[in-house]
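Here, each number is a calculation from the coordinates, and none is a lab measurement. Please read all numbers here as calculations on a predicted model, not as lab measurements. Counting neighbours? That spans all protein chains shown, and the Cβs are built from the backbone with ideal geometry, glycine included.
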Amino acid sequence: MSQVFEPNREFSKNARIKNMCEYKELRLQAEEDFEGYWDKLAKEKIDWFEPYDTVLDESNAPFYSWFNGGKLNVTHQCLGRHLKTRKNKAAIIWEGEDGKKRIITYLQLYYRVNRLANLMKNQFNIKKGDRVVLYLPMIPEAAFAMLACAKIGAVHSIVFGGFSAEALRDRVIDADAKLVITADGAFRRGQPYMLKPVVDEALKEGCECCKKVLIVQRNFEDIDYVPGRDYVYNEMIMNESQHCDPEPMDSEDPLFLLYTSGSTGKPKGVQHSSAGYILWAQYTMEHVFDVKENDTFWCTADVGWITGHTYIVYGPLAMGATTIMYEGVPTFPDVGRWWKMIEEHRVNQFYTAPTAIRLLHKLGADEPKKYDLSSLQVLGTVGEPINPDAWMWYYNEIGGGNCSIVDTWWQTETGGHMITPLPGATPIKPGSATFPLPGIMAEIIDEEGNPTPKGEKGFLCITKPWPSMIRNIWGDSERFVKSYFGDCKKDGKPVYFSGDGAMYDDDGYIVITGRTDDVINVSGHRLGTAEIEAVLAHHSNVAEVAVAGKPDDIKGEGIFAYIVLKGEDSIGEEIEMIQELNKLIIKEIGNIAKLDDILFVPGLPKTRSGKIMRRILRSIAKGEAITQDTSTLEDPSIVTTIEDLFKR
Ligand code: WT7
């Protein structure tokens, strides 16, 4: 059994939740009076324009609604209400990869957001409920654009800058977006890179909905402008007024969409609400990172992922904190970049992904020693299970043995943290996300809906709704119900299933064991095998394909493809094929889905009815023993053939 680390005593004294007694007390309150618990939080935390009538409406389950009748605007929660007490406080500290710095105070941010909100309203006729796609690098304008949408009630949908033109196009069309906000490009690894040409390519076909493109000039490289469609932010923004009234929004009005991969079909537009989402963003910021008034908080995610939404922009700003935003890669100009930034900005809470920790450990195990990291108090990780080795290095070398590590388990769909230690209270163990937050009814259950015994894997479910939960899949309610409420039941009632497996250890700590579905987690990014397979199947020489995750030291999982080629004679052209297949992937999805390994096989294991037995392929890729019965396969010998090829 792994070691347990008690929270730092000095830290606990001033923490919001100081010990496990206080934690258990809150849990009990939520269990005894579920609605009362959330009611108290919502009244305490949100500055409502108009009070709500009901806390939770379950009449249309699983389409739950929270705080019905209430009116608010998320930008008032994040900016407007702070002007009384924090107008000159730094809201965003931005650092470009080239070392350039910008500090934006709450008042400045408020004005900038208002100008952009006015620009969208006046120049592009964006109204409440319209969708706006943001395809932006890590520059402050990404936060301005998110908040400007929220100010006028437009629904933003951020597309991560690493996605290709085709992926961007699909998302613009699916959301029926009216406007795209992008940049000429930005800087990465010391070089300028481009985004605008990707937008041009995306909008070439099928995007009639999108008539306008607003471009932020960041790297000032040459780009093409389409007259009547393309506008330059830098030239227009100062002509707009810095005053703009916030649109009063219903609690349940959508705040944003964010596309994420599922086990089948195309990526799904996860829809989040206004009130429930911002409540949980703020509450988890306060309690899980325990940020104090003069602290500096840094989350290294990209705003294109949910972590960036909740813990770079909405959470920190809702609580009136100072948030750091960094444009570039952690290894530029050298592997000490992040540690140098922590020293320089006196960062107090630092939040990153296991894959980054592993990379920086591997490339520079002693690098942190060169910097003063003593300002750090809380270290966070998210996105994938963290291996004890990486955890220990993080704990000792970055945290100096003084900081709690909050291993936060959550998902795009949950909006904010769900299972996580509390830094002043929870005794932590490497590799465990520990316990659910008070009010979050996380349970590990078996196929019958019974709790699994300690040490046994089960399905990680959330058995009661929570305020920041996904509200729908954009345009596909049926898929929403099927994807999240179709697999697990408790007491005969469908409950939210996360797609993850988990178990309780001997002490009742929760250990996440990873996805149980056809989703691969590459460097903390979710990719659906079905999506990748659909792309590979487009190649004229591919007869059949199946994709699985393969363990990878740095990335967590890499992408492993089994390919059956058309025609025997193509075997000699495998090297070329690998290049061609990756070209296809980069074109249709983006660099993040590049294949790590390809195995050309004569056939795939199938049942007599022709269904591919993916579990077998997953086991082979993972190097695990095959436990499934293979005797019912159409051709059982194919399994050993593939295994032999794999071992070579
Ligand atoms: C999936 C969600 C939540 C923001 C980043 C990823 C995995 C997430 C942990 C953790 C083990 C984790 C799960 C989950 N995951 N956090 N602390 N320990 N696994 O968001 O792309 O929606 O992916 O990431 O498998 O289902 P996402």
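How do TYR111, TYR259 rank when sorted from fewest to most other Cβ atoms within 10 Å of their own Cβ?
Numbers: TYR111 18, TYR259 23.
With the fewest neighbours first, TYR111, TYR259 line up as TYR111, TYR259.
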- Task: Apply the Karplus parameterisation 6.51 cos²θ - 1.76 cosθ + 1.60, with θ equal to phi minus 60°, to every residue of region 118-135 and state each ³J(HN,Hα) to the nearest whole Hz, in sequence, with x for glycine and proline.
- Result: 5, 4, 5, 5, 7, 8, 10, 6, 7, 10, 3, x, 5, 9, 10, 8, 10, 10
- Whole-Å distance, taken between Cα centres, linking region 633-648 and region 586-607: 17
- Provide Rg and Dmax in Å for region 442-515, with only Cα atoms included in the calculation. 12.9, 43
- Rounded to the nearest Å, the spacing of the alpha-carbon centers of region 286-351 and region 398-421 is 14
- Query: Where the centre of each part is set by its Cα atoms, how far does region 497-518 sit from region 1-78, in angstrom?
  - Reply: 24
- Item | Integer Hz, Karplus 6.51/-1.76/1.60 couplings in order for region 144-161, x for Gly and Pro | 4, 5, 4, 5, 5, 4, 4, 4, 9, x, 7, 9, 8, 9, 8, 10, 3, x
- Cα-based equivalent ellipsoid, region 570-648: semi-axes from gyration tensor eigenvalues, Å: 26, 14, 13
- Query: When Lys and Arg each count +1 and Asp and Glu each count -1, what net charge do the other residues less than 10 Å away from ILE173, Cβ to Cβ, add up to?
  - Reply: -3
- Sequence ranges 603-609, 430-436, ranked by mean other-Cβ count within 10 angstrom, highest first: 430-436, 603-609
- Message: For a test of the definition: using alpha carbon positions, the gyration tensor, and the 1.5 limit on a/c, classify region 476-578 as rounded, prolate or oblate.
- Response: oblate
- Item | Spatial extent of region 350-453: Rg and Dmax, with the Cα atoms as the point set, Å | 15.2, 54
- Query: What are the residues whose amide H is under 5 Å from the amide H of THR296, where those residues sit 5 or more places off or on another chain and H is modelled from the backbone?
  - Reply: ASN348, GLN349
- Query: Going toward the positive end of the dipole of the chain, with +1 on Lys and Arg Cβ and -1 on Asp and Glu Cβ, which of GLY556, GLY304, PRO602 do you reach last?
  - Reply: GLY304
- Message: 5 Å is the cut-off here: which amide hydrogens, built 1.01 Å from N in the peptide plane, fall below it relative to ARG229, excluding neighbours closer than 5 in sequence?
- Response: none
- Long-range HN-HN contacts of VAL495 with modeled amide H, under 5 Å: CYS488, LYS489, LYS490
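So what is the relative contact order of region 442-515, in percent, for Cα pairs below 8 Å that sit 6 or more residues apart? Write down the numbers at each step before the final one.
Working: 124 pairs, mean separation 26.0, N = 74.
The value is 35 percent.
Classify region 101-198 from the C-alpha gyration tensor, please: rounded if a/c falls under 1.5, else prolate or oblate depending on whether a/b exceeds b/c.
Values: a/c = 2.36, a/b = 1.09, b/c = 2.18.
Since a/c reaches 1.5 but b/c is at least a/b, the shape of region 101-198 is classed as oblate.
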- By the Kirkwood definition, with r running over pairs of different Cα atoms, the chain has a hydrodynamic radius in Å of 25.6
- Message: Explain nothing, just compute: Karplus ³J(HN,Hα) = 6.51 cos²θ - 1.76 cosθ + 1.60, θ = phi - 60°, for every residue of region 451-462 in order, whole Hz, x for Gly and Pro.
- Response: x, 7, x, 3, x, 10, 5, x, 9, 7, 10, 10
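How high is the relative contact order of region 522-647? Use alpha-carbon pairs under 8 Å, at least six apart in sequence, and give a whole percent. Don't skip to the answer; put the middle values down first.
Values: 180 pairs, mean separation 29.5, N = 126.
Reported relative contact order: 23 percent.
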- Whole-angstrom Cα spans of region 33-329 along principal axes, big to small: 58, 42, 38
- Task: Before anything else, pin down the relative contact order of the chain: Cα pairs under 8 Å, at least 6 apart, normalised by residue count, whole percent.
- Result: 13
- Note on the structure: With -39,500 (n - 2.57) per DSSP H segment of 4 or more residues and division by the full residue count of the chain, the 222 nm estimate, nearest 500 deg cm²/dmol, is -8500 deg cm²/dmol
- Query: How large is the charge dipole for region 428-483, taken about the Cα centre, if only the Cβ atoms of Lys, Arg (+1) and Asp, Glu (-1) carry charge, to the nearest 20 debye?
  - Reply: 260
